[in-house]
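Have a look at the structure below before the remarks.
The values are calculated or read from the model by the stated rules, or taken from the named source; none is laboratory data. Treat the numbers as computed from the prediction; the structure is a model and nothing was measured. As a convention, Cβ positions derive from the backbone with ideal geometry for all residues, glycine included, and neighbour counts pool all protein chains shown.
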Amino acid sequence: MSLLAELRERFAAAVNSLGEDPHRWLDQVRPAQSPRFGDYQANLALCLAKRFATSPRQLAQELIRRAQLDDLCHQVEVAGPGFINMRLRDDLLERRLTQAVHDPRLGIPLCASPQTFVVDYSAPNVAKPMHVGHIRSTVIGDSICRTLRFVGHQVISDNHLGDWGTQFGMIIYGWRHFVDEENFRQDPVGELARLYRLVNELAEKDPAVNKAVLAETAKLHAGDPDNRSLWQKFMPICLQEIEAIYRRLGVSFDYTLGESFYHDRLPALVEDLLRRGIARESDGAICIFLEGFKAPMIIRKRDGAFLYATTDLATLIYRMETWQPDWILYVVDHRQSLHFEQLFAAARLLGFDKVKLVHVSFGTVLGEDGRPFRTRAGDVVSLESLLDEAVARARKIVDANDDAKPNGPELSQEERARIAEVVGIGALKYADLSQNRTSDYVFSFDKMLAMNGNTGAYMQYAYARVRSIFARAGLSPEELRLSDGAIVLATPAERSLGLEILRFAEAIDLALEDFRPNQLTNYLFELATKYSSFYETCPVLQADTPSLRQSRLLLCDLTARTIQKGLELLGIQVVDRM
Ligand code: ARG
């Protein structure tokens with residue numbers, strides 16, 4: 001349990017013992033706004049006093065008495081009208097930190113009641129190149145999966161590929177009219193991308209082409225052998241393209257069950273919903289009428305075609321039957337929120353009323369002009385070219401840093417290339433994950449690769465800087481951990497770094513509360529800031545006594561491991577030297 005959760009538990013017991021349900025008041029126990037007020041504060045006496053017809057100050061005193069905080073806090077004060085200010089005991093912090101040194105989990109507990117989560121993320125529409133819009137779902141979903149797993153939940157990641165849509169009608173049409181066989185042999189991914197772009201453009205201009213594309217798609221869906229075999233020929237090529245990107249991003253899935261996987265189930269699903277009276281015919285279409293929505297959810301069009309919503313219903317049923325999850329998270333951009341509201345309402349009608357269905361939505365990636373991010377020429381930017389550019393820019397930084405080292409360059413060409421890959425991709429991910437996911441954000445290579453501020457490059461640098469102390473000391477962190485030194489928090493800077501390290505558990509709780517990885521990036525940035533103050537004021541290798549040197553080295557090691565673990569939960573790697 002985090003320190004905060006522990007304090008909340010004590011106050012919950014106190015409020016309970018007064019005969020009041022504590023739960024709605026507990027978020028009034030929180031980190032102090034300023035160190036002047038201690039480490040944590042509790043303002044619940046102010047809200048609760050009326051109910052007990054007593055003064056807030058008096059109630060605060062009573063709550064403190066009942067909460068029995070002595071083993072956690074060495075100073076608890078009632079301030080102003082009834083604020084409770086708490087300062088944690090130094091010996092408690094020291095003991096927990098020393099324990100964390102020997103714990104591969106850094107003292108982060110497993111959750112009390114593990115749940116099963118299905119996480120639906122990335123889900124690009126294949127047969128067209130992945131673009132910047134796909135980065136968000138992919139990295140946010142990946143980070144959520146990593147964090148849930150770390151605290152002990154069962155996670156099933158499922159990439160719901162768009163592998164059955166009109167884009168296949170386009171490349172089938174393109175294949176029939178414009179394929180360059182030689183080019184296809186040499187660069188199948190490139191040739192399919194070319195066909196997609198070409199036909200997409202034609203179809204926008206020419207209604208006849210558009211109609212032909214839709215006809216090819218309909219034939220594919222109806223089981224036409226030629227179109228099916230073309231689809232089968234194209235799919236491995238499409239998968240190859242996205243897998244190359246996932247490999248580079250370090251993202252993988254337990255399942256990749258795309259829309260095509262559910263296609264055969266749709267006719268029976270619609271019939272079943274009709275039979276059960278959940279769906280009915282309206283104007284030739286089959287619809288589910290949902291309370292509170294202006295328009296019904298259409299699940300079969302007049303012409304017999306099924307829709308995105310139909311597939312999503314079939315997918316939900318499959319997931320419930322196969323994995324019996326407690327949660328299904330859909331990491332999908334905010335423009336689909338109405339779709340998910342309807343889907344969730346329909347799921348309730350189908351009787352799935354226990355599973356928690358969450359649309360983990362996110363905003364748009366904007367260019368510096370404030371409009372959706374595009375190339376100069378106005379095209380969508382391919383994800384691969386973005387990764388390449390981030391890595392190329394990181395390489396320049398790595399080269400410049402290394403060339404400027406006082407004793408000359410230290411890194412080989414291979415090391416530089418590897419570091420640039422880690423830093424470039426890390427910067428890109430961090431820039432995305434550090435945003436409040438529901439807002440739009442402006443994409444800027446300069447900002448994401450800045451060496452100061454809340455960026456991936458800065459965090460990786462902070463990590464390498466902590467680690468470099470060990471190189472200078474000629475000591476390996478593993479050796480250090482084996483020695484039986486203890487952490488002492490001798491100065492305010494050490495104490496505040498130590499407390500921040502222990503607050504990692506709290507950051508993880510916050511990140512999972514509403515599936516917001518930016519809670520982790522905020523935390524890591526705060527930790528790096530505290531470390532900087534520590535490093536400025538507390539000599540480590542030149543500390544006054546061997547035991548103080550030992551303690552400070554252990555704090556450095558814990559800082560590095562916390563940064564490393566935090567970045568790992570974000571799907572970002574570290575390097576020991578930069
Ligand atoms: N392929 C869809 C798109 O690109 C996203 C799918 C999200 N997942 C889902 N179950 N609907 O818009």
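Counting residues in the stretch 28-42 that are free of Cβ contacts under 8 Å to residues at least 12 places away in the same chain, surrounded by fewer than 15 Cβ atoms within 10 Å (Cβ to Cβ) and part of a helix (DSSP H, G or I) gives one or more. Every residue in the stretch 413-445 that is modelled with pLDDT under 95 and hydrophobic (A, V, I, L, M, F, W, C), please. VAL442, PHE443, PHE445 - these are the residues of the stretch 413-445 that are modelled with pLDDT under 95 and hydrophobic (A, V, I, L, M, F, W, C). Would you mind stating whether ILE328 is within 15 Å of the ligand (Cβ to nearest atom), assigned to a strand (DSSP E or B) and of a type outside the set (Phe, Trp, Tyr)? Spelling it out, ILE328 is indeed within 15 Å of the ligand (Cβ to nearest atom), assigned to a strand (DSSP E or B) and of a type outside the set (Phe, Trp, Tyr).
LEU553 satisfies every condition listed in (1) under 19 Å from ASP91 (Cα atoms); (2) in contact with a strand residue (DSSP E or B) (Cβ under 9 Å, 6 or more places away or on another chain) except (2). Checked against (1) surrounded by 13 or more Cβ atoms within 10 Å (Cβ to Cβ); (2) more than 15 Å from ASP446 (Cα to Cα); (3) modelled with pLDDT of 95 or more, GLY351 passes all but condition (1).
Looking only at residues in the stretch 331-348 that are surrounded by fewer than 19 Cβ atoms within 10 Å (Cβ to Cβ) and touching a residue at least 60 places away in the same chain (Cβ under 8 Å), which one is farthest from the ligand (Cβ to nearest atom)? Ranking the candidates gives HIS334 first. For the stretch 238-259, the criterion of being surrounded by fewer than 19 Cβ atoms within 10 Å (Cβ to Cβ), out of contact with any Lys or Arg (no Cβ under 9 Å at 6 or more places or on another chain), part of a helix (DSSP H, G or I) and of a type in the set (A, V, I, L, M) is met by at least one residue. Beta carbons closer than 6 Å, at least 6 apart along the sequence or on distinct chains, pair a first residue in the stretch 301-322 that is at pLDDT 95 or above with a second that is within 11 Å of the ligand (Cβ to nearest atom) and part of a helix (DSSP H, G or I) for THR311/GLU259; THR311/TYR262; ASP312/LEU343; ALA314/TYR262; THR315/TYR262. Just name the residue that is surrounded by the fewest Cβ atoms within 10 Å (Cβ to Cβ) out of those in the stretch 53-75 that are assigned to a strand (DSSP E or B) and either touching a residue at least 24 places away in the same chain (Cβ under 8 Å) or under 35 Å from the mean Cα position of the chain (by Cα) (or both). Per the stated criteria, the residue is GLN75.
Could you look through the stretch 154-167, keep only residues that are modelled with pLDDT of 95 or more and not in a loop (DSSP other than H, G, I, E, B), and pick out the one that is farthest from the ligand (Cβ to nearest atom)? Only one residue fits best here, namely GLN154.
Residue by residue, here is whether (1) away from the ligand (no atom under 16 Å from the Cβ); (2) out of contact with any Gly (no Cβ under 8 Å at 6 or more places or on another chain) holds:
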{"position": "GLU62", "(1), (2)": "yes, yes"}
{"position": "MET86", "(1), (2)": "yes, no"}
{"position": "LEU92", "(1), (2)": "yes, yes"}
{"position": "GLY107", "(1), (2)": "yes, yes"}
{"position": "TYR121", "(1), (2)": "no, no"}
{"position": "GLY141", "(1), (2)": "no, yes"}
{"position": "LEU148", "(1), (2)": "yes, yes"}
{"position": "GLY152", "(1), (2)": "yes, yes"}
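Among the residues of the stretch 376-392, is any of a type outside the set (Phe, Trp, Tyr), more than 24 Å from the chain's Cα centre (by Cα), farther than 20 Å from ASP142 by Cα and within 16 Å of the ligand (Cβ to nearest atom)? No, the stretch 376-392 contains no residue that is of a type outside the set (Phe, Trp, Tyr), more than 24 Å from the chain's Cα centre (by Cα), farther than 20 Å from ASP142 by Cα and within 16 Å of the ligand (Cβ to nearest atom). Can you say whether GLN154 is within 33 Å of the chain's Cα centre (by Cα), surrounded by fewer than 18 Cβ atoms within 10 Å (Cβ to Cβ) and touching a residue at least 12 places away in the same chain (Cβ under 8 Å), as far as the supplied structure shows? It is true that GLN154 is within 33 Å of the chain's Cα centre (by Cα), surrounded by fewer than 18 Cβ atoms within 10 Å (Cβ to Cβ) and touching a residue at least 12 places away in the same chain (Cβ under 8 Å).
When only residues in the stretch 123-134 that are modelled with pLDDT of 90 or more and in a loop (DSSP other than H, G, I, E, B) count, which is farthest from the ligand (Cβ to nearest atom)? Applying the filter and picking the extreme gives VAL126.
Grab the strands (runs of 3 or more DSSP E) fully contained in the stretch 263-309, keeping just those with 1 or more residues being surrounded by 14 or more Cβ atoms within 10 Å (Cβ to Cβ) and touching a helix residue (DSSP H, G or I) at 6+ places or on another chain (Cβ under 6 Å). Outline the logic, then answer.
Values: elements: 280-282, 285-288, 297-300.
Filter on the stretch 263-309 gives 285-288, 297-300.
If you take the residues in the stretch 312-330 that are among the aromatic types (Phe, Trp, Tyr) and surrounded by fewer than 19 Cβ atoms within 10 Å (Cβ to Cβ), which one is nearest to PHE117 (Cα to Cα)? This residue is TRP327. The number of residues in the stretch 393-434 that are more than 24 Å from the chain's Cα centre (by Cα) and not in a helix (DSSP H, G or I) comes to 9. Selection of the stretch 491-525 for residues being of a type in the set (Ser, Thr, Tyr) and either part of a helix (DSSP H, G or I) or under 21 Å from ALA457 (Cα atoms) (or both) yields SER496, THR521, TYR523.
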